[in-house]
Amino acid sequence: MILLQTLTVDSLSTADALAAEATKENIGLLDLLLKGGYMMIPLYLLFVLAIFIFIQKLITLNKAAKTPSHLMDQVKVLVQSGQIEKAKMLCAGENTPVANMIAKGIERIGSPLKNIEVSIENVGKIEIYKLEKNLGLLATVSGAAPMIGFLGTVTGMIQAFISIAQEEGNVSPKLLSMGIYEAMITTAAGLVVGIIAYLGYNYLVTQVSKLVHNMEYTSIEFIDLLQDK
């Protein structure tokens with residue numbers, strides 16, 4: 001009985017010691033990221049750049065999409081009644097891609113229909129360029145971040161094996177495992193940054209496509225209005 005109690009106490013003490021050691025060895029997320037080496041610096045910068053571009057473009061697209069649904073109906077009434085200046089002022093007050101295209105078309109009223117259509121298309125191209133600006137950079141981040149992460153892993157593994165080669169005698173498993181996990185941190189970080197940038201890029205491209213479709217539909221509707229006028 002005494003022997004059983006002694007074994008139980010020893011087992012509990014050993015378990016407590018292991019638990020304490022595991023708690024001591026527990027590494028926080030920030031500490032883990034800091035162990036990734038100098039290759040983590042460009043990954044941090046790419047992450048900040050991706051978030052900045054995403055937020056900036058999201059704000060721009062939200063503003064561009066705020067064209068009132070009844071704008072074209074009001075323009076139609078004003079143009080058909082001959083109130084061209086009021087129609088111009090109405091579009092100028094919106095300051096959205098669709099409104100800017102319609103405003104350019106209104107300015108060209110009286111010119112041949114083909115010239116009006118070309119003017120609207122030119123304004124549309126400029127507005128589309130503004131909407132798509134920096135999207136290519138976000139796509140570059142989504143592709144570059146994982147490659148930088150892999151590069152960090154390769155350089156980290158090289159440094160780890162150099163350290164192992166310089167060790168005299170037996171190499172401790174702890175030294176080997178630390179070198180490997182520190183090298184793998186950059187791969188994980190690069191993949192996380194790349195995935196976030198990729199998802200953000202595809203979301204923004206979808207929103208731009210919706211706006212471009214709305215711009216094309218509105219321009220066609222405006223040309224039809226002038227043909228009926």
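No lab work stands behind these numbers, since they all come straight from the coordinates. Being a predicted model, the structure only gives us computed values, none of them experimental. When we count neighbours, we look across all protein chains shown, and the Cβ atoms used for this are built from the backbone with ideal geometry, even at glycine.
Computed quantities for the displayed model
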{"read-out": "Computed over the range 54-139: relative contact order in percent, which uses C-alpha pairs under 8 Å that are six or more apart", "value": "25"}
{"read-out": "Gyration tensor (alpha-carbon) shape descriptor, the range 98-159, a/c threshold 1.5", "value": "prolate"}
{"read-out": "Nitroxide proxy distance, nm - points 7 Å out along Cα→Cβ at residue 217 and residue 164", "value": "6.1"}
{"read-out": "Residue-wise HN-Hα coupling along the range 145-155, computed from phi with Karplus coefficients 6.51, -1.76, 1.60 (Hz; x: Gly, Pro)", "value": "4, x, 5, 5, x, 5, 4, x, 5, 4, 5"}
{"read-out": "Distant-in-sequence amide H partners of residue 109 (H built 1.01 Å from N, under 5 Å)", "value": "none"}
